[in-house]
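What follows is a short report on a single structure.
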Amino acid sequence: MGRFASGKYAKAISDRSGLEFPYTEMVREWNGSFVHISEYEEKQPQLQPRAKSADPQGLNRARPDRTEPATPNLLPGNPFSLTSGSANVTVKEPNHGRSNGDTVRFRNVDGSPGGLAFTVFENASGFSISSVTTDTYVFGAGSNATVTEEAGGMTVTAGPVTQQA
């Protein structure tokens, strides 16, 4: 039976280039190829996938959503429309989303709308509204206006009664 070549005279053929090299200088790659040390290529990192980590969007100590508190809405300039001899006040508040029977509290009323003191409009317990449309509603001021006008000022807000001043 024959013997394989050994020692300094042994030769091998590279699987990569097909060239002849000394057998003692040959190495085996990760994919099984028998190549010379000058042709050797290490396994690329993308061929060794890393272990999957946890969801990167999960939050540590996450808090549940909160219910936002009701906030006052800034009304357009001079939102109160008053008629002399009437206690009804029409309020302009675009897209207010209110309905009959809702309670509204006004703040930051300037001057004396309809000849009434501003404190009449800034009642801490608010006013029950009626005659609601998309952009207006009506409330009773409790006393009759002495002047027909649109008044109230430029910084009037309308909000829930629970809102603190």
Please compute the modelled spin-label separation between S53 and R16, points set 7 Å along Cα→Cβ, answer in nm with one decimal.
3.3
Linear extension gain, N144 paired with N60, 0.36 nm per residue minus alpha-carbon span:
24.3 nm
Give me the number: length gained by fully extending N123 to N95, i.e. 0.36 nm times residue separation minus the C-alpha to C-alpha distance, one decimal in nm.
7.8 nm
Fraction of alpha-carbon pairs in the chain farther than 25 Å apart, rounded to whole percent, equals 58
With a ≥ b ≥ c from the Cα gyration tensor eigenvalues, square-rooted, and the rule rounded for a/c under 1.5, otherwise prolate when a/b > b/c and oblate otherwise, segment 73-159 is rounded
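Values quoted throughout were computed directly from the atomic coordinates according to the rules given, and no laboratory measurement underlies them. The model shown is predicted, which means the values in this text are computed figures rather than measured ones. Here the Cβ is made from the backbone with ideal geometry for all residues, glycine too, and neighbour counts use every protein chain on show.
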